[in-house]
Amino acid sequence: MMLSKIILGILSFCMLAFLSCFSADAQQPMEGWRKVCRKQEDVDVCNTMNNIVSETGQYLTMVNLIEVLGKESQRRIGIQVPTGRFIPEGIKIKIDNGKEKVVPYVMCNASSCIANDSLDISLLDAMKKGKNLTIASMNFQGVLNPIKISLDGFSQVLNGPGMREEAFQAEQDKLQKTIRLKQQELELRMRKEQEKVKVKVE
């Protein structure tokens, strides 16, 4: 029960803080996999994660590989995607051209949905040896939205010591600042385009 609460707490936090959670931006300066470890009650919790963000700052997919070590040990995979998904289909994951695995959804809120399942050693081994992880969720129109995540450096990060939370938070602050600047640039560009159209009409 305690392990379930810890894992659910991590995934719920990620859902409520999509921007602030353990993440790396695939199209911004911080790229690739990250690992953050911390002590929680009498267990050690590590989260190896990757986050895919669009150029406009929209979070598309978040992957969390959670490892709990202590008297009871457990590994889980959590995947977070935007809302508007076809829930019965779950989220399909595949390493390169390997066998497809379905991760079932467990909860949604106004901004995102989370799928969660046990993380078996065979999937971890495949990720260590593979080149790409493909994550596909089906939208409400019945169309699959595949996202490809590079596994370059994954094994080293997974087996590494993990970042201190302070260092990770510093990266998050930098990422948020970068995204805000990007959004401001896009808004300014849109206003300029609107002004051009307005002048032509007049």
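Quick notes on this structure:
Matching residues to (1) touching a helix residue (DSSP H, G or I) at 6+ places or on another chain (Cβ under 8 Å); (2) in contact (Cβ under 8 Å) with a residue 40 or more places away in the chain:
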site: Cys46; (1), (2): no, yes
site: Met62; (1), (2): yes, yes
site: Val68; (1), (2): yes, yes
site: Glu72; (1), (2): yes, yes
site: Ile77; (1), (2): yes, yes
site: Val81; (1), (2): no, yes
site: Pro88; (1), (2): no, no
site: Ile91; (1), (2): no, yes
site: Lys101; (1), (2): yes, no
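- Search result, residues across the stretch 71-121 that are touching a Lys or Arg at 6+ places or on another chain (Cβ under 9 Å) and of a type in the set (S, T, N, Q): Asn116, Ser118
- For Ser122, the conditions (1) surrounded by 13 or more Cβ atoms within 10 Å (Cβ to Cβ); (2) among the hydroxyl-bearing types (Ser, Thr, Tyr); (3) within 18 Å of Asn97 (Cα to Cα) all hold with the exception of (1).
- Restricting attention to the stretch 125-151, the residues that are surrounded by 14 or more Cβ atoms within 10 Å (Cβ to Cβ) and in a loop (DSSP other than H, G, I, E, B) add up to 2.
- Pair list, Cβ under 8 Å, 6 or more apart: the stretch 143-168 residue closer than 29 Å to Ile87 by Cβ, other residue modelled with pLDDT under 90 and surrounded by fewer than 17 Cβ atoms within 10 Å (Cβ to Cβ): Ser150/Gly32
- When Val68, Val157, Val63, Val103 are checked against the criterion of being closer than 30 Å to Asp42 by Cα, within 19 Å of the chain's Cα centre (by Cα) and either at pLDDT below 90 or aromatic (Phe, Trp, Tyr) (or both), Val68 stands alone in meeting it.
The values are calculated or read from the model by the stated rules, or taken from the named source; none is laboratory data. These figures come from a predicted structure and were not determined experimentally. Positions of Cβ are generated from backbone atoms using ideal geometry, with glycine treated the same way; all protein chains shown enter the neighbour counts.
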